[in-house]
Amino acid sequence: MRVVVEHDVKVPLKDGTVLRADLYRPDSRNRLPTLVRRTPYGRGGPPGGASLDAFRLVEAGYNLLVQDMRGRGGSAGGFEPFRNEAADGADTVDWAAAQPHCDGTVGMLGRSYEGAAALLAAGSAPPALGAIAPHVAGSEFYEGWSYQGGAFQLGFCLHWTLMDLILPQLPPADPESPDTARVLEALDGIEDLYRTPWRALGLLDRLAPYYRRWLEHPVPDAYWARAAPNRTYRSMTAAGLHIGGWYDTFLGGTLESYTGMRARGGSAAARDLSTLVVGPWAHGVTGGIFPQRRYGIRADEQYADVTAMHIAHFDRALKGVGGAPRGRVRLFLTGADRWETFEEWPVPSVRPTALHLTSGPRHANSAAGDGRLLTTGPRSPGSDRFRHDPGDPVPTTGGATLMTGQSTGGDCGPLDQREVERRQDVLCYTGDVLRADLTVIGEVTLIAHLSSTGADTDLTAKLVDVAPSGRAEILCDGIVRARYRESFDRPRPLTPHRTVELTVRLGAVGHVFAAGHRIRLEVAGSNFPRFDVNPGTGGPSTALAEQYGEALVNTVHHGGPRPSRLLLPVLDTD
């Protein structure tokens, strides 16, 4: 099929701003549905983005409009992340539907920011928008994107702002310009900058003033509400194809958007035609082969034809062909390395299972200690202490993170935790050797009883699969900032040495712990630089103000009246 390409198409918005786009369409007089991909990263790359074959979409009978967002690339206006995407997206849908090559129906697609922008536009319910395909996309701009559990996602936000938002907008023809040189210098020294992130504020204030606003709004207040698709599910009338990865930093948003549209969508199509796919991927490698082949996942097993998924979804929602989806939820089960289909998420046939924390005379400090996970509560109460030193935080090692090296996936995914587990400030609780396979599918939670010598602290947790070889592979992780334990609206400092109950959401997994393996929980006071280091003072983020803090001692209590426990959603194989 011959594809007609029209470059630099003018798309006027209702406020008079003109955005620029490229149009890819079949060489045909037939009026066809139009798919819209709105991007802040420049329309000059592959038209389908990193994971889609745009020309297969066109060959399947779709027009594809790839648009620079307001203030990006060739488009007019000023850019601030997510501020205008709902209105601009809805205006673009209305314009696309009215063009002579369109049959009046429109779909939206895109990865990451692009997918979240599609969700924001869907919340405005433009009449022509019949389908969206948010791909590794968050459900809001606060929780899971800029913050998690009250902690600032420093590693992702700082690198993303410098590398993906600022650098592409600087004059490429003048690498000697002061701004370009300073940004390149900051990126070259990003590891040092993570330790003193306040040093970047002068540069960011000039080139990305919105970054400071993220830090000045550390709780989900009205500032974040304007960029929260999860507040508008009742208005969404488009059917959604939600694609995520177990090691994607936005997985929680993908799962929330699917369940939100299924339960509260504003049309029968949004509720009945929405589907979910979760693979063994990190953010930068969705749909393809995970770069680290040493994890033992066969290439043919983890691969998924994401383009075919999009075509089937748009055919169903925009053209009315293909029938209702069979098996709405498709999950890749890590550990077993196979795809499984389920009728819903959360998977109905799971039962919450508690594993109780305990330890012996050597305590749980490091994997060499005697911290254990028990299927029944320990007979007597106990506790484990660890030191949180803001000057020597526990290093991020894999997981659902996005920092330096994100384009190759080099620092994310199922990395081995054995080096981290040698530290005395990491508590390790390990279960017995499993006699049979154990399948865990769903959200993992830690309920911990903690006291501290400081006014504030973070509690981090990781779920780890320990193989017979000793390899300790991270599955998911989470964090909670203690002062937000009760409410973001009323943060409360800790009273030194007084025990409080903290809930840490580790995220979701779809994993089979094989017979002969062991389940392990890691607990610490930092996960850096994925999250900013808590100085223990109760003050602002270290990314906003210069402060180093002082070392403090945290105590995890378990057993008796303080039953710290790990909650796993175990699949009922019966």
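Remarks
- Degrees separating the helix 178-188 axis from the principal Cα axis of the chain, which is the longest one: 40
- Each Lys or Arg adds one and each Asp or Glu subtracts one; over the other residues with Cβ under 13 Å from the Cβ of residue 273, this totals +4.
- For residue 102, nonlocal amide neighbours, meaning residues 5 or more places apart or on other chains whose placed amide H falls under 5 Å from its own, are 32.
- Taking other Cβ atoms within 10 Å as a rough exposure proxy, 79, 250 sort from fewest to most as 79, 250.
- The calculated P(r) of the stretch 350-571, using every Cα pair and 5 Å bins from 0, goes 1, 7, 15, 20, 21, 17, 11, 5, 2, 0, 0 in percent.
- Each listed q (0.06, 0.09 Å⁻¹) maps to a log10 I(q)/I(0) for the chain from the Debye sum over equal C-alpha point scatterers, namely -0.30, -0.68.
- Ranked list, fewest to most other Cβ atoms within 10 Å of each Cβ, for 103, 305: 305, 103
- Whole-Hz ³J(HN,Hα) from phi, Karplus 6.51 cos²θ - 1.76 cosθ + 1.60, for the stretch 157-164, glycine and proline x: 5, 5, 5, 4, 5, 5, 7, 9
- Derived scalar couplings between HN and Hα for the stretch 320-328 equal x, 10, x, x, 5, x, 9, x, 5 Hz in order, rounded to whole Hz, by the Karplus curve 6.51 cos²θ - 1.76 cosθ + 1.60 (θ = phi - 60°), x for Gly and Pro.
- Amide H contacts for residue 38 (H built 1.01 Å from N in the peptide plane; partners 5 or more residues away or on another chain; cut-off under 5 Å): 67, 109.
- Principal-axis tilt of helix 85-97 within the chain, Cα atoms, nearest 10 degrees: 30
- Selection from 358, 547, 445, by position along the positive dipole direction of the stretch 350-571 (Cβ): 358
- Beta bridges from DSSP with both residues in the stretch 350-571: antiparallel share about 95 percent, rounded to the nearest 5.
- Taking other C-beta atoms within 10 angstrom as a stand-in for reagent exposure, 203, 65 fall in the order 203, 65, fewest first.
- Electrostatic bookkeeping for residue 460 treats Lys and Arg as +1 and Asp and Glu as -1; over the other residues with beta carbon under 10 Å from its beta carbon, the sum is -1.
- Loop chymotrypsin sites (Phe, Trp or Tyr not before Pro), the stretch 327-384 (other Cβ atoms within 10 Å of the site Cβ: 14 or fewer; DSSP): none
- What the phi angles of the stretch 30-45 give under the Karplus curve with 6.51, -1.76 and 1.60, with θ = phi - 60°, is a coupling list of 5, 7, 10, x, 10, 9, 10, 10, 9, 9, x, 9, x, 8, x, x Hz, glycine and proline written as x.
- Computed log10 I(q)/I(0) for the stretch 486-537 at 0.14, 0.27, 0.28, 0.32 Å⁻¹: -0.65, -1.40, -1.41, -1.35, from the Debye equation with unit scatterers placed on every C-alpha and solvent omitted.
- Residues whose amide H falls under 5 Å from that of residue 336, counting only those 5 or more places apart or on a different chain, are 512, with hydrogens built in the peptide plane.
- The stretch 96-128 and the stretch 179-242 have Cα centres separated by 24 Å.
- Each stretch of four or more DSSP H residues adds -39500 (n - 2.57); spread over every residue of the chain, this sum gives -5000 deg cm²/dmol at 222 nm.
- Tilt relative to the chain, helix 113-123 - C-alpha long axis, 0 to 90 degrees, to 10: 70
- For a straight C-alpha distance cut-off of 17 angstrom, the aspartates and glutamates reachable from residue 10 (same-chain residues fewer than eight places away being disregarded) are 22, 68, 88, 91, 94.
Read the figures in this text as sums done on the coordinates, not as results from a lab. If you're wondering where the values come from, they're calculated on a predicted model, not measured in any experiment. Here the Cβ is made from the backbone with ideal geometry for all residues, glycine too, and neighbour counts use every protein chain on show.
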